[in-house]
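Undergrad: Let me give you the structure first, and then I'll get to my questions.
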2 protein chains.
Amino acid sequence: MSGISLIPLTGICEVEPGDNLAEHIWRAMRADGVMPEQGDLLVVAHKVVSKAEGRVVNMAEVKPGAEAVRLAEETGHTPELTQLILDESEQVYPYRDRGILMSRHRLGWTCANAAIDHSNAPEGQAILLPLDPDESARKLREALRERTGVSMPILISDTHGRSLREGIIGIAVGCCGLEAVKNYVGRTDRFGHRLNVSREAVADELCAAATLCMGQADESVPAVLIRGYAYTPAETGSAPLKRKPERELFRPACDRIVKEGGNSL
Amino acid sequence: MSGISLIPLTGICEVEPGDNLAEHIWRAMRADGVMPEQGDLLVVAHKVVSKAEGRVVNMAEVKPGAEAVRLAEETGHTPELTQLILDESEQVYPYRDRGILMSRHRLGWTCANAAIDHSNAPEGQAILLPLDPDESARKLREALRERTGVSMPILISDTHGRSLREGIIGIAVGCCGLEAVKNYVGRTDRFGHRLNVSREAVADELCAAATLCMGQADESVPAVLIRGYAYTPAETGSAPLKRKPERELFRPACDRIVKEGGNSL
């Protein structure tokens, strides 16, 4: 019976800044009796990567500026969280709602609240994305290869909302070792047509699958081994998932609103 | 070793209008030696559901009206395909691009090209979504229960693009037997906070996972059995995934453009 297995790694204890995450994962693999094999890949929740890398901010130490104070009134966020979002963003979008500040993250994602998480963080703290999640993935791959003898693609996952559907899903924010977007361009279907839908975001699908094992309220499964998925090796990282601003849907409408000096509400 | 297994059903032959899809799937299960167990669920690609239900249109028989002809010039679609999109839509959105006509589908999805597929269809034909995908799922569940003795939740999947990320992913368009959006409202994380992200679209994540087994160019895996996922039983169908128009991101910007009589480009 072929197919794909999603194997949760349980027993990863609380990760602290400065911890060796590979060592945490390796210990969990041995405790769970899960030995990586050639062809496996690993999805790791960004929270534990960020924590190990010290990307945790004490909110009391954030000094909000004037723009943060103004935007905080529109979104209902605290001025401190709003300042953090601004610090992590290249550009704030003209979209405000209670609890949502859309922006272009410095890493090239357009997302809500600059992907800053304050659940699953100790009181008064917030967790930012890793400085360079693709590099985090590569380092983790190397550290795990030294321990397991297997060089596995690594995906770093987060959960995000969607503009047109309800609910959050798992997506990839960091990637190494596999083609994040599988390209069907030029391939034909069984009737000999060129496929009209041609690029599948497999890195996001793999993270969505792993998120089913992770749950939301319980941090005890921050890593999931995926076995049996025939990935295409590549070293293009997460870049293929990033949509250029000019290709964003509804972007022209937003630009027009910006030009007129308003916001979209 | 607990976890989730994604088990592809191979050997489902070409589905024709009027076929008994449950019989196709049951035959494939026996050929593959995959016997459903209590707790399993099944993801089925909408294409085979639509084909079995005769939701296949001969493009030569479509008579495009004036609006279709006008919109076809903006999108690069044929007037015939544009007419089909209009027929399947409640409202066309003020967003046009080469190859994309955004609309609100009569089923309540906001998506590109009314989810009409003309790859994986014989030349000159297009495949529409089932008339009522939740009802299709319920009928398939009952027909498979009669054959297998197991009442399984059924998800009907499609692939779609995202407004802010590159690449398509699998999502759910029909659902029965499980809670499509898992609700964490009122739950707390390990630090005792209320979770700030509280609703997980597990039906979409399950379809994304199954899509990894299906591939795009090969229709030989139109169904994937998922084993080991602890779903929450529910009979609310796909409705929880549908975002109300007023909650769509960037919707206010679009509404403003409509009021001004323009389109977003």
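Undergrad: Scan (1) closer than 23 Å to B:CYS111 by Cβ; (2) surrounded by fewer than 23 Cβ atoms within 10 Å (Cβ to Cβ); (3) touching a Ser or Thr at 6+ places or on another chain (Cβ under 8 Å); (4) at pLDDT 90 or above for the single condition A:GLY170 breaks and write down its number.
TA: Here A:GLY170 meets the rest and fails (2).
Undergrad: Further question on the same structure: Can you tell me which residue within the range B:102-146, out of those that are among the acidic types (Asp, Glu) and outside any helix (DSSP H, G or I), is surrounded by the most Cβ atoms within 10 Å (Cβ to Cβ)? Talk me through it step by step, then tell me what you get.
TA: First pass over the range B:102-146, keeping only residues among the acidic types (Asp, Glu): B:117, B:123, B:132, B:134-135, B:142, B:146.
Now restrict to residues that are outside any helix (DSSP H, G or I): B:117, B:123, B:132.
On the way: B:ASP117: 20, B:GLU123: 9, B:ASP132: 14.
Looking at the filtered set, the residue picked out is B:ASP117.
Undergrad: Among (1) outside any loop (DSSP other than H, G, I, E, B); (2) in contact with a strand residue (DSSP E or B) (Cβ under 8 Å, 6 or more places away or on another chain); (3) crowded, with 21+ Cβ neighbours inside 10 Å, there is one condition A:PRO94 misses while meeting the rest; what is its number?
TA: Here A:PRO94 clears every test but (2).
Undergrad: Could you please let me know if B:SER264 is crowded, with 21+ Cβ neighbours inside 10 Å, modelled with pLDDT under 90, small (Gly, Ala, Ser) and not in a helix (DSSP H, G or I)?
TA: Values: crowded, with 21+ Cβ neighbours inside 10 Å: yes; modelled with pLDDT under 90: yes; small (Gly, Ala, Ser): yes; not in a helix (DSSP H, G or I): yes.
So B:SER264 passes the test.
Undergrad: I would also like to ask the following. Which residues, taken from the range B:116-168, are away from every other protein chain (no Cβ under 14 Å), in contact with a Pro (Cβ under 9 Å, 6 or more places away or on another chain), of a type outside the set (D, E, K, R) and more than 16 Å from B:PRO17 (Cα to Cα)?
TA: The initial filter retains those residues of the range B:116-168 that are away from every other protein chain (no Cβ under 14 Å), namely B:128-152, B:154, B:156.
Next cut, in contact with a Pro (Cβ under 9 Å, 6 or more places away or on another chain) only: B:136-137, B:141, B:144, B:148-150, B:152, B:156.
Okay, now just the ones that are also of a type outside the set (D, E, K, R), so B:136-137, B:144, B:148-150, B:152, B:156.
Within the range B:116-168, B:ALA137, B:LEU144, B:THR148, B:GLY149, B:VAL150, B:MET152, B:ILE156 meet the criteria.
Undergrad: Could you check A:LEU225 against (1) modelled with pLDDT of 95 or more; (2) farther than 26 Å from A:ARG27 by Cα; (3) not in a loop (DSSP other than H, G, I, E, B); (4) not small (Gly, Ala, Ser) and say which number it fails?
TA: Going through the list (1) modelled with pLDDT of 95 or more; (2) farther than 26 Å from A:ARG27 by Cα; (3) not in a loop (DSSP other than H, G, I, E, B); (4) not small (Gly, Ala, Ser), A:LEU225 breaks only (2).
Undergrad: Any residue that is facing chain A (nearest Cβ under 9 Å), closer than 17 Å to B:GLU179 by Cα and at pLDDT below 95 - is there at least one of those in the range B:236-244?
TA: If we filter the range B:236-244 for residues that are facing chain A (nearest Cβ under 9 Å), which is where we start, we get B:240-244.
In the following step, the residues that additionally are closer than 17 Å to B:GLU179 by Cα were identified as B:240-243.
Then drop every residue that is not at pLDDT below 95, which leaves B:243.
The answer is yes, given that some residue of the range B:236-244 is facing chain A (nearest Cβ under 9 Å), closer than 17 Å to B:GLU179 by Cα and at pLDDT below 95.
Undergrad: Please pick out the residue among A:HIS193, A:HIS160, A:HIS118 that is closer than 30 Å to B:ALA115 by Cα and at pLDDT below 90.
TA: Working: A:HIS160 fails: at pLDDT below 90; A:HIS118 fails: closer than 30 Å to B:ALA115 by Cα.
From the options A:HIS193, A:HIS160, A:HIS118, the qualifying one is A:HIS193.
Residues checked against (1) touching a helix residue (DSSP H, G or I) at 6+ places or on another chain (Cβ under 8 Å); (2) of a type in the set (D, E, K, R):
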site	(1), (2)
B:ASP117	yes, yes
B:PRO122	no, no
B:GLN125	yes, no
B:ALA143	yes, no
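Undergrad: A further question on this structure: Hey, can you tell me all the residues within the range A:1-27 that are more than 19 Å from A:ARG138 (Cβ to Cβ) and part of a helix (DSSP H, G or I)?
TA: Result: A:ARG27, single match.
The values are calculated or read from the model by the stated rules, or taken from the named source; none is laboratory data. Since the model is a prediction, treat every value here as computed from it, not as a measurement. A quick note on method: Cβ atoms are made from the backbone with ideal geometry, for glycine too, and the neighbour counts reach across all protein chains shown.
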